[in-house]
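Reviewing the structure listed below.
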Amino acid sequence: MPELYIGLMSGTSLDGADGVLVDLSGASLRVLANASHPFDANFREELLALNSPSLNELHRAALAGNRIACAYAEVVVDLLAQVSMRGITKNQILAIGAHGQTVRHQPAAPTRDANVNTWAAYTLQLNNPALLAELTGIDVIADLRSRDVAAGGQGAPLVPAFHQRVFSQVGTGVGVLNLGGIANLSVLPQDRSQPVLGFDCGPGNALMDAWCQRHAGQAFDAAGAWAAAGQCLPDLLQHLLDDPYFLLAPPKSTGRDLFSVKWLDQKLMPFAAARPQDVQNTLTELTASACATSVSSYLKRSNPLIVCGGGALNQYLLQRLQALLPALKVSISDRFGLPALQVEAAAFAWLAKQTLERKPGNLPSVTGAAGPRILGAIYPA
Ligand SMILES: Nc1ncnc2c1ncn2[C@@H]1O[C@H](COP(=O)(O)OP(=O)(O)O)[C@@H](O)[C@H]1O
Ligand SMILES: [Mg+2]
């Protein structure tokens, strides 16, 4: 019997909504349909603005949540159209796992705020899961990060458990590097009795995208061609790497709360004369370097490093990663049966299944939560 789930992801890159329809029965995973719907430039701007305090933000956040739900619903229609000729209808989809759009991620204070006698830690993903359930007629599982944060965890990354499920056949001690807006690493243990490790390495595409939009008028640097035309500025690179986040020990996670355009602009102040393409090259080197340092700290042997997320399509970035990690073989996840842009959406389909079956989705070894937890809330169709 197939077990059909839909996973929907819109990450910190703010590029759009990615969806997959997967069969999660048995040990294997089969992607039956996939779709990516980009956000238009205005909506991307609004989501970016909602990452910082701004006027009337509660109202605007609610509207943005509705819009996310509508965008997700369109992806669902697209996915269902792709499988209709196989006779698959929405009634056979067990649930949708919908990530939502992170606009604040502040999990780092798992202690009570003495002033207000309440928890200071939270993570916020804009979405309207009730509307998504209404529009699709399918059970929706959403807000998958908050329970881990409530249990003292980072609420992120949540993908390592899924990486273990799909990539452990590649071998033990494998690294999986997800290059989204933020980059996160999963390390599958050498000894299967040991826990999986994982954490956010630092910026992935977010800063490169912002710089490319500002100076080249493009949402992203296709294949890293613009960065490749520039040169690395070693002093700037050092200055960028000089942030305490890079030295923190896991568990750790981050977002645009830290690695924002404001952060970048402050760092760039002493380098006002730098050529834009050299800054782009240096930002690419920042991502490569922060990831390579993380990888070489946790992958001791010459094990495979599987790269996924949209940044895996940045050939120049991958080339730099491979150059910084000569002992490892860097491969894109497509080589192991799951295309780079589908991995994270598939992870949220799997997380939905875990929740529906009342199984934990987090890994305390990764997030630092007090224990395994069943994640999210269910919005019945
Ligand atoms: N052809 C490409 N060349 C370079 N970068 C790309 C390409 N395609 C996608 N990307 C990068 O991947 C990002 C989207 O990746 P994604 O995995 O969706 O991240 P997120 O989960 O943060 O949304 C884009 O913003 C862009 O930076
Ligand atoms: Mg994306």
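A compact table of results
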{"item": "The chain: angle of helix 343-356 to the longest principal axis, Cα-based, in degrees nearest 10", "result": "40 degrees"}
{"item": "Within a Gaussian network of the chain (alpha carbon springs, distance under 10 Å), most fluctuating of A69, A35, A229", "result": "A229"}
{"item": "Calculated on alpha-carbon atoms, Rg and Dmax of the range 1-106 in Å", "result": "15.6, 51"}
{"item": "Residues S294, S365, S84 arranged by fewest to most Cβ contacts within 10 Å", "result": "S84, S365, S294"}
{"item": "Cα-only radius of gyration and Dmax that characterise the range 261-347, units Å", "result": "15.1, 45"}
{"item": "Highest-fluctuation residue, T102, T172, T367 considered, GNM on the chain with Cα pairs under 10 Å", "result": "T172"}
{"item": "Local electrostatic count, L341, Cβ distance below 13 Å [Lys/Arg +1, Asp/Glu -1]", "result": "-4"}
{"item": "Using a Förster distance of 35 Å, the FRET efficiency for A49-Q92 (Cβ separation, nearest 0.05)", "result": "0.35"}
{"item": "Placed amide H near G181: partners under 5 Å, 5+ positions off or other chain", "result": "T12, S13, N205"}
{"item": "Per-pair calculated FRET efficiency, R0 = 30 Å: E57 and D78 via Cβ, rounded to 0.05", "result": "0.50"}
{"item": "The chain: angle of helix 57-83 to the longest principal axis, Cα-based, in degrees nearest 10", "result": "70 degrees"}
{"item": "Between the range 139-178 and the range 288-342, the Cα center-to-center distance that results, in Å", "result": "18 Å"}
{"item": "Residues H99, H239, H59, H215, sorted so that the one with the fewest Cβ neighbours within 10 Å comes first", "result": "H59, H215, H239, H99"}
{"item": "Proportion of all alpha-carbon pairs of the range 227-381 beyond 22 Å (%)", "result": "56 percent"}
{"item": "Chain lengthening between Q106 and A225 when straightened (0.36 nm per residue, less Cα-Cα)", "result": "39.4 nm"}
{"item": "Dipole of the chain [Lys/Arg +1, Asp/Glu -1 at C-beta], most positive-end residue of A206, A219, L24", "result": "L24"}
{"item": "Förster radius 41 Å - calculated FRET efficiency between W263 and C70 (Cβ-Cβ, nearest 0.05)", "result": "0.85"}
{"item": "For the chain, calculated [θ]222 nm from helices alone, where every DSSP H run of n ≥ 4 adds -39500 (n - 2.57)", "result": "-11000 deg cm²/dmol"}
{"item": "Rg(Cα) / (2.2 N^0.38 Å) computed for the chain, rounded to two decimals", "result": "0.94"}
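Since every read-out is calculated from the coordinates, none of them should be taken as a lab result. Since we're looking at a predicted model, the values are computed, not measured. Glycine also receives a Cβ, built like all others from the backbone with ideal geometry; neighbour counts cover every protein chain displayed.
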